[in-house]
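Dumping the structure here so I can ask a few things about it.
The values are calculated or read from the model by the stated rules, or taken from the named source; none is laboratory data. This is a predicted model, so every value here is computed, not measured. All Cβ positions, even for glycine, are placed from backbone atoms using ideal geometry, and neighbour counts span all protein chains on display.
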Amino acid sequence: MGKKRERIKPNVFKRLIFAFKDGSYATRLSFLVMGFGQIARGQLAKGFSYFLFQVLFALYMIFFGGRYVGHLFSGNLGSRLSGERWNESLQIFEKVSGDNSFLILLYGVVSLVLFCVFLTVWAMNVFGSYENDARLERGQELSTFRADLRSLINEKFYIPLLLPPFLGLLVFTVMPLIFMVLIAFTNYDYAHMPPGKLFDWVGFKNFQAMFSLADGAGFALVFLRVLVWTFVWAFFATFTNYFLGLVIAMLIHKKGIKLKALWRTLFVVAIAVPQFVTLLLMQKILDGDGILNKILSTNILWLADQRYFSLLPRTMIILVNIWIGVPYTLLMCSGILLNVPTDYYEAARIDGASAPQIFFKITLPYMMHITAPYLITQFVGNINNFNVIWLLTGGGPVDNVYYGGGSQAQSTDLLVTWLYRLTTDQNPKYNVASVIGIVIFVISAALSLITFNRASATKSEDAFQ
Amino acid sequence: MPYTDNTFFLYYNKSVLTETDVASLDGILSKCSAGKQFAYPMADGWYSSAFYFGKGLGFEVTYNDHLAETSIDCDFDNATGEAVTQAMWSYVKDSRFKADANDSKIAAGFNDGSIVAAVTGIWNRTTIQNYLGENFAAAKLPTYTLYKGTADEEQTQLVSFAGYKLMGVNNYSKNKTDAMDFAEFYCSRENQIKHFESRGFVPTDVEARADERVQADVCAKAITEQLKHSKTQKSVPSTLWIPLEGLGNAMITGAQSGSFDLKTQLKACVAAIEKTTN
C-alpha cells in the first residue's frame with residue numbers, strides 16, 4: 001500500500017478498482033457517500049460540496065430526470081395522446097395536452113448527459129480521497145480548501161479557463177448531437193409530430209429502408225445515386241478550381257508578362273460579389289427564359305434538362321462553381337508559386353529541360369506536396385457544399401424514373417441538400433434526414449482522419465523528391 | 001373561415017382573342033404564334049392535373065386513425081391516362097404553347113406582349129389587369145382535344161382544382177378567443193366585399209357574391225363558370241405534386257429534342273405518387 005505509483009496511469013476503471021482495494025475505509029465509504037473521505041480527514045468544505053452535489057443530483061433524478069431516462073430505455077416515448085375538452089365559459093374547445101415525445105426524448109438525453117457528469121464528479125471524489133490516503137501515508141499535510149482554490153488560480157489555471165468552453169461544447173454540441181442521432185432510431189416524421197401525435201422507437205427500420213431495396217420499399221438505389229453524384233461533384237469542384245487556379249497563376253507569373261498585379265486583381269474581382277448573390281444571378285441567367293438563351297437564341301434548359309441523368313445541369317453547376325472558386329485558388333497558388341526555390345528551376349534550365357518537363361517534374365510535384373492537406377479539406381468541404389447546389393437548381397430537376405420511390409431526392413441533390421429538403425418539406429421526415437446526417441458524419445469523419453494521418457506523416461518539407 | 005376562392009382560370013388579351021377562340025385550346029393556339037404564346041404551367045402539378053381530371057381520372061387515398069396516408073391509388077396511367085398524357089405532350093411540343101410558365105414569367109409576358117393568354121389564379125389579377133388595361137378579359141378554362149386525328153377525337157373540358165383560402169386560428173394560442181374574433185371580422189361579409197373592391201378577390205360568402213359589383217366583374221363570372229367544372233381540392237395525396245412536376249419537366253425537356261418516353265415517364269410518375277412511406 002505504500003509503494004509509489006508509476007507515472008503512466010492505467011485506465012480509469014483500473015484506478016477505481018485499485019482505489020477501492022487499496023484505499024482506507026474512508027475512501028471505500030466515498031464510493032457510496034460522496035465527500036465522506038474528505039470530511040473524515042478534516043477537509044470539510046470540499047467534502048461538504050461533494051455531498052451537496054450528490055444530494056442535488058439525487059433529487060433531480062427522483063423528481064424529474066429519472067422518469068425520462070426510464071422512457072428512453074423502456075421502448076416507449078409517451079403514451080398519452082392529446083385531446084380536446086369543451087370549455088363552457090369560453091365557448092371554445094380547449095386542448096388537453098398529452099405526452100410530448102420530443103420533450104421526453106430531449107429531457108432523457110439531458111438527464112443521461114447529467115448522469116455522465118455526475119459519474120465524473122463522483123470519480124473525482126473517490127480519487128481525491130485516495131490521494132488524501134497517499135498523502136497521509138507519506139506524512140504530508142492535506143491541502144486546505146483555501147490552498148486548493150489558490151492552486152486553481154495559479155498552477156491549475158487551465159481548469160477554470162477550459163471549463164466554460166468544455167461545458168459549452170457539452171451543452172451546445174454533444175447533447176444536440178446525441179439527440180439528433182437518436183432521432184434516426186425513431187419514426188419522427190410528419191405523421192408523428194408532437195405535440196399532437198407521438199413518435200416511438202423503431203430500431204433500425206430507417207437504416208433498412210435507406211440501405212436496402214426491400215422489394216421496392218427501400219431506396220438503396222436512390223441513395224447510391226445521390227452518394228455517387230456527391231463524390232463526383234466534390235472531386236470535380238475541388239480539382240477544376242485547383243488546376244485552373246494553378247494554370248492562371250502560372251500564366252500571370254511568367255516572366256515577360258507586364259501588369260501582373262492588374263491581371264491578378266481582375267481575376268479576383270469575381271469574389272467582390274458575395275457568393276449568394278452570384279449564384280442567384282446565375283440561376284436567373286441560366287433559366288429557360290434567361291439572358292444566356294436570349295443571346296444564343298436557343299431555349300436550352302441549362303438547369304432543368306433531366307436527360308442523361310441531368311448531365312447538363314450537373315455540368316453547369318460545376319462550371320458556375322469555377323467562377324466562384326477560382327479566385328481563391330488563384331491567390332493561394334500565386335503565393336506558393338512565388339516561393340518555389342529558384343535553384344530547382346536554374347538546375348533544370350542548365351540541364352536543358354523543356355517547359356512542360358519543368359512543369360510536370362518540378363512545379364506540379366512541389367505544389368501538390370504543399371497543398372495536399374488543403375485539397376483534401378476542400379474535398380471534404382465540397383461534399384457538404386450546400387449553397388451552390390441549392391441556389392442554382394434547388395436540388396435539380398425532378399426525375400421520377402431514377403430518383404422516385406418516395407425518397408424525395410432529386411437529380412442534382414447532394415446528401416446534404418437531400419437532408420435539407422426532408423426537413424423543410426411540407427411533410428418533413430426528420431428520421432430519414434437523421435440517417436442521412438449520420439452517413440454524412442461517417443464519411444466526413446473518415447476522410448478527415450485520413451487527412452490527419454497524412455499531415456502528420458509528411459512532416460518534413462523537402463522530402464518530396 | 002373561408003374568404004376567397006382558390007382556383008385557376010384563363011386570362012386573355014381581348015384584342016387578340018375572341019370569346020369563341022377561348023372556348024377551346026386549339027382555338028387559342030390558332031391565334032398564337034411563337035412570339036405570342038399561350039402560357040400554361042405544365043411543370044406544376046396543380047395545373048397539369050387539370051388534363052387528367054377532365055377525363056374523370058383521379059386518385060383515392062385511405063387514411064388511418066392518425067390521419068396518415070396508408071394507401072394511395074392513382075389511375076393516371078391507365079389507357080385513358082396514356083391518351084391524356086399523349087395529348088398533353090402534343091401541346092407541349094407546340095411552339096405556341098409555353099409550358100415552362102410560372103407566375104413571374106406570366107406577368108412579364110403580359111407586360112411585353114409575348115404572352116396573349118395564360119392560365120393562373122386570382123392572385124395575379126391586379127398585375128395582369130394593369131398590363132392589359134382595357135384588353136383585360138377572363139374566361140373559364142378551355143377544352144382540349146383528346147385522341148387527335150383519330151375517329152374518337154373529342155373535346156375535353158379542363159377541370160381545375162377548386163379550393164378556397166381560409167383563415168385559421170392556432171389551437172395553442174394564448175389569446176384564442178381574440179384570434180377567433182379577428183378571423184370572424186376578417187372574413188365577414190362586408191369585409192369580403194371591401195377585399196374585392198381593393199384587390200379583386202372574389203368573395204365566397206353567397207350574399208356577398210350576389211352584390212352587383214361582384215356580379216359585374218369579369219373574373220367573378222369566369223370563376224363561377226369554372227367552378228362548375230372543378231374538382232374539390234380535398235384528400236389530395238401529399239405525394240401528388242413532385243412527381244407531376246417531374247413529368248411536366250420531362251415533357252418540357254423532351255420538347256427540345258422531340259422525343260419523350262411517355263410510357264416510362266408516366267409509369268414512374270404514378271409509381272411515385274402511389275408511394276406511401278408508412
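Residues checked against (1) at pLDDT below 90; (2) within 14 Å of another protein chain (Cβ to nearest Cβ):
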residue: A:264; (1), (2): yes, no
residue: A:274; (1), (2): no, no
residue: A:277; (1), (2): no, no
residue: A:282; (1), (2): no, no
residue: A:292; (1), (2): no, no
residue: A:309; (1), (2): yes, yes
residue: A:323; (1), (2): no, no
residue: A:330; (1), (2): no, no
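So how many residues does region A:29-74 have that are basic (Lys, Arg), closer than 24 Å to residue A:144 by Cβ and surrounded by fewer than 18 Cβ atoms within 10 Å (Cβ to Cβ)?
Going through region A:29-74 one residue at a time, the tally reaches 0.
I would also like to ask the following. Filter region B:255-278 down to the residues that are within 8 Å of chain A (Cβ to nearest Cβ) and over 24 Å from residue B:71 (Cβ atoms) and list them by number.
Residues satisfying the conditions are B:256, B:257.
Tell me whether region A:202-222 contains one or more residues that are under 18 Å from residue A:99 (Cβ atoms), within 12 Å of another protein chain (Cβ to nearest Cβ) and in contact (Cβ under 8 Å) with a residue 12 or more places away in the chain.
Taking every residue of region A:202-222 in turn, at least one turns out to be under 18 Å from residue A:99 (Cβ atoms), within 12 Å of another protein chain (Cβ to nearest Cβ) and in contact (Cβ under 8 Å) with a residue 12 or more places away in the chain.
Moving on to the next point. Residue pairs, Cβ under 6 Å, 6 or more apart or interchain, first in region A:376-401 and within 11 Å of residue A:303 (Cα to Cα), second of a type in the set (Gly, Ala, Ser). List them.
A:396/A:310; A:396/A:411; A:397/A:304; A:397/A:310; A:397/A:411
Could you identify the single residue in A:181, A:171 that is surrounded by 14 or more Cβ atoms within 10 Å (Cβ to Cβ) and in a helix (DSSP H, G or I)?
A:181
Does residue A:226 meet the test of being surrounded by fewer than 16 Cβ atoms within 10 Å (Cβ to Cβ) and touching a helix residue (DSSP H, G or I) at 6+ places or on another chain (Cβ under 7 Å)?
Here the answer is no, as residue A:226 does not meet what is asked.
Given the condition out of contact with any helix residue (DSSP H, G or I) (no Cβ under 8 Å at 6 or more places or on another chain), away from chain A (no Cβ under 14 Å), of a type in the set (Phe, Trp, Tyr) and surrounded by fewer than 19 Cβ atoms within 10 Å (Cβ to Cβ), answer yes or no: does some residue in region B:155-173 qualify?
yes
Any idea which of (1) touching a residue at least 12 places away in the same chain (Cβ under 8 Å); (2) surrounded by fewer than 17 Cβ atoms within 10 Å (Cβ to Cβ) is the one residue B:6 doesn't satisfy?
Against the list (1) touching a residue at least 12 places away in the same chain (Cβ under 8 Å); (2) surrounded by fewer than 17 Cβ atoms within 10 Å (Cβ to Cβ), residue B:6 comes up short only on (2).
Residue by residue through region B:121-144, note down the ones that are under 19 Å from residue B:19 (Cβ atoms) and outside any helix (DSSP H, G or I).
B:136, B:137, B:138, B:139, B:140, B:141, B:142, B:143, B:144
Hey, could you check region A:391-404 for residues that are buried (at least 22 other Cβ atoms within 10 Å of the Cβ) and at the interface with chain B (Cβ under 7 Å from one of its Cβ atoms) and say which is nearest to residue B:264 (Cα to Cα)?
A:400
Could you please find all residues in region A:110-123 being of a type outside the set (Ser, Thr, Tyr) and under 20 Å from residue A:59 (Cβ atoms)?
Matches in region A:110-123: A:110, A:112, A:113, A:114, A:115, A:116, A:117, A:118, A:119, A:121, A:122.
Based on what the data block shows, is residue B:249 within 14 Å of another protein chain (Cβ to nearest Cβ), polar (S, T, N, Q) and loosely packed, with under 13 Cβ neighbours inside 10 Å?
Against the criterion (within 14 Å of another protein chain (Cβ to nearest Cβ), polar (S, T, N, Q) and loosely packed, with under 13 Cβ neighbours inside 10 Å), residue B:249 does not qualify.
Further question: Specify which of the listed residues (A:139, A:128) is under 30 Å from residue A:62 (Cβ atoms), in the same structural domain as residue A:31 (by TED's automatic domain parsing) and at pLDDT below 85.
Among A:139, A:128, only A:128 is under 30 Å from residue A:62 (Cβ atoms), in the same structural domain as residue A:31 (by TED's automatic domain parsing) and at pLDDT below 85.
Quick check on my filter: what residues within region A:405-435 are of a type in the set (Val, Ile, Thr), more than 10 Å from chain B (Cβ to nearest Cβ) and surrounded by 22 or more Cβ atoms within 10 Å (Cβ to Cβ)?
A:412, A:417, A:435
Having 1 or more residues that are touching a strand residue (DSSP E or B) at 6+ places or on another chain (Cβ under 8 Å), of a type outside the set (A, V, I, L, M) and closer than 23 Å to residue A:397 by Cβ is the bar; report the strands (runs of 3 or more DSSP E) wholly within region B:1-108 that clear it.
B:37-39, B:69-74
Identify all residues within region A:254-313 that are surrounded by fewer than 13 Cβ atoms within 10 Å (Cβ to Cβ), aromatic (Phe, Trp, Tyr) and either more than 30 Å from the chain's Cα centre (by Cα) or not in a helix (DSSP H, G or I) (or both); write none if there are none.
Correct list: A:308 only.
Only residues that are within 21 Å of the chain's Cα centre (by Cα) and among the charged types (D, E, K, R): list them for region B:24-35, please.
B:26
Can you say whether residue B:83 is more than 13 Å from chain A (Cβ to nearest Cβ), in contact with a Ser or Thr (Cβ under 7 Å, 6 or more places away or on another chain) and hydrophobic (A, V, I, L, M, F, W, C), as far as the supplied structure shows?
no
Let me ask you something else. Checking residue B:185 against (1) within 30 Å of residue A:403 (Cβ to Cβ); (2) at pLDDT 85 or above, only one condition comes out false. Which one?
(1)
All but one of (1) within 30 Å of residue B:59 (Cα to Cα); (2) in contact with a Leu (Cβ under 8 Å, 6 or more places away or on another chain); (3) modelled with pLDDT under 85 hold for residue B:149, so report the exception by its number.
With (1) within 30 Å of residue B:59 (Cα to Cα); (2) in contact with a Leu (Cβ under 8 Å, 6 or more places away or on another chain); (3) modelled with pLDDT under 85 applied to residue B:149, the lone miss is (2).
Among the residues of region A:131-162 satisfying the criterion of being touching a Gly at 6+ places or on another chain (Cβ under 8 Å) and over 14 Å from residue A:46 (Cβ atoms), which is surrounded by the most Cβ atoms within 10 Å (Cβ to Cβ)?
A:133
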